[in-house]
Amino acid sequence: MTLQNFQAWAFALLLPLALLTNPAHAVDYFGKPDAPPDGASVATPVPVESRIVLPEPLSTLLGAAIRLQSNLNARLRTELESVRDGHSSGAALTIILASFLYGVLHAVGPGHGKVVVTSYLLSRRTRFVHALGMSSMAAATQALTAIALVGVLAALFGTTGKAILNHAATIELASYGAIAVLGLWMAWNALRPNALLSCGCVANRQDAHVHHDPDHEHEHDSTQAGRHIGGWTHLAEIITTGGFAGLRPCSGAILVLLFTLANGIFLIGVVAAVAMSIGVAITVASVSIGAFGINRLISTTGQGQRWTEYVGRGVAFAGALVIAAFGAIATLALSTGVIAPMVG
Amino acid sequence: MTLTGIAYAMSPVASAHPHVWVNYRLEFIFNAGRLTALHQRWIFDTNFSSMVLHDLVKNYRRGEPLTPQETVALRDNAFANLAHYAYFTHVWSGTHKANIGKARSFTAKVVDDALEYDFVTPLATPLDPHAQSITVGIWDDSYYVDVGPTMPVNAAVSLSGISGCRALTAKDHTHPLYFGAAFPYTVRISCS
């Protein structure tokens, strides 16, 4: 199966499946799994983020980002309320700005596909524009899934907000499954002949022999790499990875969309969700560009050497395995209820 | 350090930054010198309030009081499940964690678009504040819900049915939330 096929099938199957099936673990309004009907108490292990404390100054910075985010959220709410009440002068601009900044800060926390996107960019030779494209794809998919969920289910079918959050949790589970499969596919891809390489220096085995003269080698190398990493397969891989990384809808956007829908100002909610996703894209892109830069820095060393092909393959393979493992562990942990769904 | 990194990276699937905000007022109810129950009032953020009211109160009209049936709908669908999570209420007698019973006297109302819950959480065993110091905190370990006292903090807490005791509210740095990004408040009862 080609990547394009895989991508199309995965999207075509995952979304309706997620919308039609009942969530594996339904959660209540407080993000807590519903207790079993017999009333037995639910085991509540202290979650990992309560046990592990980030070193200073990271924990303080994360705390400041969260407080600022809470303030922006409150500001956004106030402005949305004033639009609902008909006092909309200047509110739209404030809503867009607050949503955008909220998105920037929101993505500082865990989630938003940063693990998948950075693993990919760290382990493979890509272009700067690919790093940007992948981050934007992740953020845009996240916003569109949220808009589609609320727009279709709540607006057309009157689905409750709680059910929508649970559907989002199902999509989350499905997206991690897809990421696991995608990671395995990439790992296999990294091993086969003419694979995309981490260093990008030897795109083709036959070309490897002719690298004797350093000047020629350099020129030849960039041409090869340029042609190869700009290929359609590569582009499809970038788009798919970004898309899957962002398939899980952003609950922050869902809550704003639900609020605006309930108050008859859904279009404002859509604008806010888009502004949020642009903010998310900027944060994810900053992280991605860092990963891209590190890969470039490392892969420049020993460029054109025969051994770099093997190292490149190894790194690409390892990166793909990290992505597969991330998807698999997340799927397993979510489906067994070790960790609670719906976050982000 | 590596472990922290892995945990942080994995946590998109663990519960994340708050999605619901609650401000509480807390009344400690003493009977015959022992703490028997906590009277809690939770005030939700208006976004959460809007979603829950839209979901559970059919034809909700802003400004109109909730009917008894609507209150029951809120209790059953957007409160009762918290019993399995002790209503996020943590109580210690000295270093011993005390058990919370099922909440009673649940009522709900909407004030300025904010949903408010009022309820009483009884203690499984009454606690003597003179024998052991009592500490109470209300927080969600997963930080999906950000729970904190109304401001100013000292006005959020009151004691009834006892004299000679006072409540001290402070940030509790022994219970980090969300990788140490936030710390909950706890109330300590000290008696002379």
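The values are calculated or read from the model by the stated rules, or taken from the named source; none is laboratory data. From a predicted model like this one, the values you see are computed outputs, not experimental measurements. Cβ: placed from backbone, ideal geometry, glycine included. Neighbour counts: every protein chain shown.
Is at least one residue of the stretch B:29-37 within 14 Å of B:K109 (Cβ to Cβ) and at pLDDT 95 or above? Let's see the steps before the verdict.
Looking only at the stretch B:29-37, we keep the residues that are within 14 Å of B:K109 (Cβ to Cβ), and these are none.
No, there is no match, as no residue in the stretch B:29-37 is within 14 Å of B:K109 (Cβ to Cβ) and at pLDDT 95 or above.
If you go through the stretch A:146-169, how many residues are surrounded by fewer than 24 Cβ atoms within 10 Å (Cβ to Cβ) and in contact with a Pro (Cβ under 6 Å, 6 or more places away or on another chain)? Qualifying residue count, the stretch A:146-169: 1.
In this structure, A:E56 qualifies as at pLDDT below 85 and either buried (at least 21 other Cβ atoms within 10 Å of the Cβ) or out of contact with any Ser or Thr (no Cβ under 8 Å at 6 or more places or on another chain) (or both). Among the numbered conditions (1) closer than 26 Å to A:V27 by Cα; (2) away from chain A (no Cβ under 14 Å), the only one that B:G94 does not meet is (1). Of the helices (runs of 4 or more DSSP H) lying entirely inside the stretch A:106-195, those containing at least 1 residues that are touching a strand residue (DSSP E or B) at 6+ places or on another chain (Cβ under 9 Å), within 14 Å of chain B (Cβ to nearest Cβ) and polar (S, T, N, Q) span A:161-191.
Are any residues in the stretch B:79-93 of a type in the set (A, V, I, L, M, F, W, C), in contact (Cβ under 8 Å) with a residue 40 or more places away in the chain and closer than 12 Å to B:A103 by Cβ, and if so, which ones? Residues satisfying the conditions are B:F79, B:F88. Scan the stretch B:160-172 for residues that are within 18 Å of the chain's Cα centre (by Cα) and assigned to a loop (DSSP other than H, G, I, E, B) and report the count. Residues meeting the conditions: 1.
Out of the stretch A:256-281, which residues are surrounded by fewer than 19 Cβ atoms within 10 Å (Cβ to Cβ) and either closer than 14 Å to A:A107 by Cα or under 13 Å from the mean Cα position of the chain (by Cα) (or both)? Within the stretch A:256-281, just A:I278 meets the criteria. Contact map, the stretch B:166-185: first residue at the interface with chain A (Cβ under 7 Å from one of its Cβ atoms), second residue of a type in the set (K, R) and assigned to a loop (DSSP other than H, G, I, E, B), Cβ cut-off under 6 Å, separation 6 or more or different chains; the map is empty. Before we move on, is A:V311 closer than 17 Å to A:Q142 by Cα and either buried (at least 24 other Cβ atoms within 10 Å of the Cβ) or modelled with pLDDT of 75 or more (or both)? When the stated conditions are applied, A:V311 does not pass them.
Filter the stretch B:29-57 down to the residues that are of a type outside the set (S, T, N, Q), within 21 Å of the chain's Cα centre (by Cα) and within 10 Å of chain A (Cβ to nearest Cβ) and list them by number. Break it down stepwise before answering.
Applying the first criterion (of a type outside the set (S, T, N, Q)) to the stretch B:29-57 yields B:29-30, B:32-35, B:37-39, B:41-45, B:48, B:51-57.
Keeping just the survivors that are within 21 Å of the chain's Cα centre (by Cα) gives B:29-30, B:34-35, B:37-39, B:41-45, B:48, B:51-53.
Scanning the stretch B:29-57 gives B:F44, B:D45, B:F48, B:M51, B:V52, B:L53.
Quick one: in the stretch A:241-265, which of the residues that are touching a Leu at 6+ places or on another chain (Cβ under 8 Å) and assigned to a loop (DSSP other than H, G, I, E, B) is nearest to the other protein chains (Cβ to nearest Cβ)? For the stretch A:241-265, the residue satisfying everything is A:N263. Please find, within the stretch B:106-154, the residue that is farthest from the other protein chains (Cβ to nearest Cβ) out of those that are in a strand (DSSP E or B) and acidic (D, E). Going through the qualifying residues, I end up with B:D118. Scanning for something touching a Gly at 6+ places or on another chain (Cβ under 9 Å), buried (at least 19 other Cβ atoms within 10 Å of the Cβ), over 28 Å from B:N47 (Cβ atoms) and at pLDDT 60 or above, does the stretch A:95-117 turn up at least one residue? Yes: the stretch A:95-117 contains one or more residues that are touching a Gly at 6+ places or on another chain (Cβ under 9 Å), buried (at least 19 other Cβ atoms within 10 Å of the Cβ), over 28 Å from B:N47 (Cβ atoms) and at pLDDT 60 or above.
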